[in-house]
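In what follows, a structure is listed as structure tokens, so that the remarks can point back to it.
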Amino acid sequence: MNPITLITLRTVDSTNTYAKQNIKALTLPTLIIADKQTSGKGRYGKSFYSPDKTGLYMTLLFEASYNCELITPAAAVAVCNTLEGYKIKPQIKWVNDIYIDSLKVCGILAECFFSNGKKYIALGIGINLTTSEFPTDIPNPGSINIDCNKIELASKISEHFFLLTDAKTILSEYKKRLFVIGKDVTYTKNSTEYSATVKGINSLCNLIVCRSDGIEETLSSGEISVKMRL
Ligand code: BTN
């Protein structure tokens, strides 16, 4: 693999958007880091609160070369591996959120796109480092509150991520930190809300749940947002 090119930006709308807009001019893989995002994006069209300097807002841009279904789980494991190096004990909420002590400290947004017939991934990761005040509509936000160098943190996450190429390892490392197993959740499918208990994940990192009416269902992260009581 080529060395990772680093781009640091003062302010940007979204590091993922920047990556997609500049794909033709960039040498891959590229790591883009911004101090602040004015339109940080989350999943399901939500925004990601990205105030100046108090968070790590990064996008790792690379050509897609393996199983895209496992990119988000691999990124979650890479973030956990890195934070554990700082003596933090993160946990994963399926599929893309990292929590510490029941507070969400990190979100992941992997966007797949094509340019000149090639497939690329803009892997966006946002970590609240020292943000102390959040908009009231963000549920259970928190910060990791460690003294760290942002570029070093982002580089370590990227290195961990690129080392995770084996599906079995990704899934077993992911499961170890997944805290939803055995928990009661609710989700909405085709405008109906269901209550269910989480049984586990399958080889594509889909969530296997048993509904309160006894029916077992497999939920794909692209379609369903799962809510749970923390
Ligand atoms: C989520 O919580 O649903 C995902 C949040 C992902 C946020 C990161 S911050 C860096 C990158 N740029 C974005 O606009 N979003 C991701």
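The numbers here are math on the coordinates, done by the rules we state, and not lab data. Predicted, not measured: the structure shown is a model, and the values here were computed from it. Here the Cβ is made from the backbone with ideal geometry for all residues, glycine too, and neighbour counts use every protein chain on show.
Among the residues that make up the stretch 7-21, is at least one of them assigned to a loop (DSSP other than H, G, I, E, B) and more than 13 Å from the ligand (Cβ to nearest atom)?
no
Does R177 meet the test of being in contact with a helix residue (DSSP H, G or I) (Cβ under 6 Å, 6 or more places away or on another chain) and surrounded by 13 or more Cβ atoms within 10 Å (Cβ to Cβ)?
Answer is yes for this residue.
Give the stretch 47-71 a look and list any residue that's near the ligand (Cβ under 10 Å from one of its atoms), among the hydrophobic types (A, V, I, L, M, F, W, C) and in a strand (DSSP E or B), or say none.
L56, M58, L60
Within the stretch 116-157, how many residues are more than 14 Å from the ligand (Cβ to nearest atom) and either touching a helix residue (DSSP H, G or I) at 6+ places or on another chain (Cβ under 6 Å) or among the aromatic types (F, W, Y) (or both)?
2
Based on this model, can you work out whether S39 counts as near the ligand (Cβ under 8 Å from one of its atoms), in a loop (DSSP other than H, G, I, E, B), under 21 Å from L129 (Cα atoms) and touching a residue at least 40 places away in the same chain (Cβ under 8 Å)?
When the stated conditions are applied, S39 does not pass them.
Just for the stretch 8-40: of the residues that are hydrophobic (A, V, I, L, M, F, W, C) and surrounded by fewer than 18 Cβ atoms within 10 Å (Cβ to Cβ), which one is farthest from I151 (Cα to Cα)?
Result: A25.
Would you please name the residue that is farthest from the ligand (Cβ to nearest atom), looking only at residues in the stretch 98-109 that are within 16 Å of K227 (Cα to Cα) and crowded, with 18+ Cβ neighbours inside 10 Å?
Y99
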